[in-house]
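S.K.: One structure follows; several queries about it will come next.
The values are calculated or read from the model by the stated rules, or taken from the named source; none is laboratory data. Everything numeric in this text was worked out from a predicted model, so none of it was measured. Here Cβ is always computed from backbone atoms with ideal geometry, including for glycine, and neighbour counts include all displayed protein chains.
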Amino acid sequence: MSMFSQLRSINLQSRKWVAMAALALMLIFSKTAALDQNQISAGYLNIDVNLPGIPIIIDNKQIGVSPMTLVPLDTGRHTINALNPHRHLWGQLDFFKEIYIQPMETLTVKIDFPSLLSIRTEPDRAEVRINDQFMGKTPLNTPFPDDLTVELLLQKDGFQDFKIKLDSLEQPFLSVKLKEIDEIFNLKKFLKNQQQRQKSRYRRASYGFWTMSVLTGLSSIYFKRQADDNYQSYLNSGSYNKMNRYYDRTIQYDHYTNICLGLFQGCLFLSFYFMMKSYP
């Protein structure tokens, strides 16, 4: 091989290596430029929630739970939802906000869900005091104070005070059955027994008058039949003396019938009256 051929081969190889190096540099520069362009067209989102473990939803897709920092987002509008841990309580809604991300912006969204204590009592309408501050009457959903120790007091007329100390909000729901004051409880028990005895008397009176109404009703039927029989004998009799006797008996049995019928109606009315009085 001549010297010229060797030089020509070396020249071709060097050109090939130069072309490959140039192509590699172009690929590196293009990827760097694309990466820079993507970084410029994106922003970041910090989500600061006062409670850990809250599900975070961005653009209708759950991306994790709180706390969350430096969440990359494309520039433009986005929606943020955070599920309220107290949403099962009346009036407690989930967090919702619409944001706009600027290029290279780091946006911080602060979400503050209050710690709530739901209080129920039996009976209702008991006064609620937390650290000697009146909060309302049960049933009640009240914010839980940030104090380390909270003193809860429930008060209702005729019932014993209920007092408890809460060191933390481990149980967000509190249900209490209040106890009646002994004197009032005994008085209510006495009045209830008196009422039951009175109702028992009314029932016995109702049964007695009902029995009397049955007896007087049967008696009025019996006397009415006797009056009809004597009147029929009066019509069929041919003797003047017998006619007078049958007529007098007819008048007498009619009189007895009217008396028994009046007693029947009165006893029936009194039976229903005392029966109604025996029920609350």
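S.K.: What's the total number of residues in region 57-116 that are touching a Lys or Arg at 6+ places or on another chain (Cβ under 8 Å), in a loop (DSSP other than H, G, I, E, B) and of a type in the set (Phe, Trp, Tyr)?
M.R.: Within region 57-116, residues that are touching a Lys or Arg at 6+ places or on another chain (Cβ under 8 Å), in a loop (DSSP other than H, G, I, E, B) and of a type in the set (Phe, Trp, Tyr) number 0.
S.K.: Residues to consider are 200, 220, 175, 206; find the one that is in the same structural domain as residue 127 (by TED's automatic domain parsing), among the small types (Gly, Ala, Ser) and either surrounded by 13 or more Cβ atoms within 10 Å (Cβ to Cβ) or not in a loop (DSSP other than H, G, I, E, B) (or both).
M.R.: Among 200, 220, 175, 206, only 175 is in the same structural domain as residue 127 (by TED's automatic domain parsing), among the small types (Gly, Ala, Ser) and either surrounded by 13 or more Cβ atoms within 10 Å (Cβ to Cβ) or not in a loop (DSSP other than H, G, I, E, B) (or both).
S.K.: Related question: Is it the case, given these coordinates, that residue 265 is under 13 Å from residue 217 (Cβ atoms) and in a helix (DSSP H, G or I)?
M.R.: It is true that residue 265 is under 13 Å from residue 217 (Cβ atoms) and in a helix (DSSP H, G or I).
S.K.: A follow-up question, please. Scan region 86-93 and tell me whether some residue there is of a type in the set (A, V, I, L, M, F, W, C), more than 30 Å from residue 161 (Cα to Cα) and within 33 Å of the chain's Cα centre (by Cα).
M.R.: Looking only at region 86-93, we keep the residues that are of a type in the set (A, V, I, L, M, F, W, C), and these are 89-90, 93.
Cutting the leftovers down to more than 30 Å from residue 161 (Cα to Cα) gives us 93.
So of that shortlist, the ones also within 33 Å of the chain's Cα centre (by Cα) come out as 93.
Yes; the residues of region 86-93 include at least one that is of a type in the set (A, V, I, L, M, F, W, C), more than 30 Å from residue 161 (Cα to Cα) and within 33 Å of the chain's Cα centre (by Cα).
S.K.: Could you please find all residues in region 146-185 being of a type outside the set (A, V, I, L, M), at pLDDT below 75 and under 23 Å from residue 89 (Cβ atoms)?
M.R.: If the condition is that a residue be of a type outside the set (A, V, I, L, M), at pLDDT below 75 and under 23 Å from residue 89 (Cβ atoms), then 146, 147, 167, 168, 170, 171, 172 are the ones that fit.
S.K.: Still on this structure, please answer the following. Which pairs do you get when a residue that is farther than 18 Å from residue 113 by Cα, found in region 128-154, comes within reach of a residue that is at pLDDT 85 or above and among the small types (Gly, Ala, Ser), reach meaning Cβ atoms under 7 angstrom, with the pair 6+ apart or on two chains?
M.R.: That search, which allows pairs on different chains as well, returns 128/136; 137/126; 138/126; 154/126.
For every residue, the table says whether it meets (1) outside the structural domain of residue 144 (by TED's automatic domain parsing); (2) buried (at least 17 other Cβ atoms within 10 Å of the Cβ); (3) within 28 Å of the chain's Cα centre (by Cα); (4) not acidic (Asp, Glu).
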site: 50; (1), (2), (3), (4): yes, no, yes, yes
site: 55; (1), (2), (3), (4): yes, no, yes, yes
site: 58; (1), (2), (3), (4): yes, yes, no, yes
site: 62; (1), (2), (3), (4): yes, no, no, yes
site: 68; (1), (2), (3), (4): yes, yes, no, yes
site: 74; (1), (2), (3), (4): yes, no, no, no
site: 84; (1), (2), (3), (4): yes, yes, yes, yes
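S.K.: Moving on to the next point. How many residues does region 116-141 contain that are buried (at least 16 other Cβ atoms within 10 Å of the Cβ), among the polar types (S, T, N, Q) and within 25 Å of residue 51 (Cα to Cα)?
M.R.: 2
S.K.: Exactly one condition in (1) surrounded by 12 or more Cβ atoms within 10 Å (Cβ to Cβ); (2) touching a residue at least 60 places away in the same chain (Cβ under 8 Å); (3) among the acidic types (Asp, Glu); (4) closer than 29 Å to residue 173 by Cβ is not met by residue 105; state its number.
M.R.: Exception for residue 105: condition (4).
S.K.: Among the listed residues 220, 271, 200, identify the single one that is of a type in the set (S, T, N, Q) and without any contact (Cβ under 8 Å) to a residue 60 or more places away in the chain.
M.R.: Only one candidate passes the filter, namely 220.
S.K.: Something else: For region 223-239, give me the residue count where each residue is over 11 Å from residue 250 (Cβ atoms), loosely packed, with under 14 Cβ neighbours inside 10 Å and at pLDDT below 90.
M.R.: The number of residues fulfilling the criteria is 3.
S.K.: Additional query: Considering 278, 220, which residue is of a type in the set (Gly, Ala, Ser) and within 51 Å of the chain's Cα centre (by Cα)? So that I can check it myself, show each step before the final result.
M.R.: Numbers: 220 fails: within 51 Å of the chain's Cα centre (by Cα).
Result of the check over 278, 220: 278.
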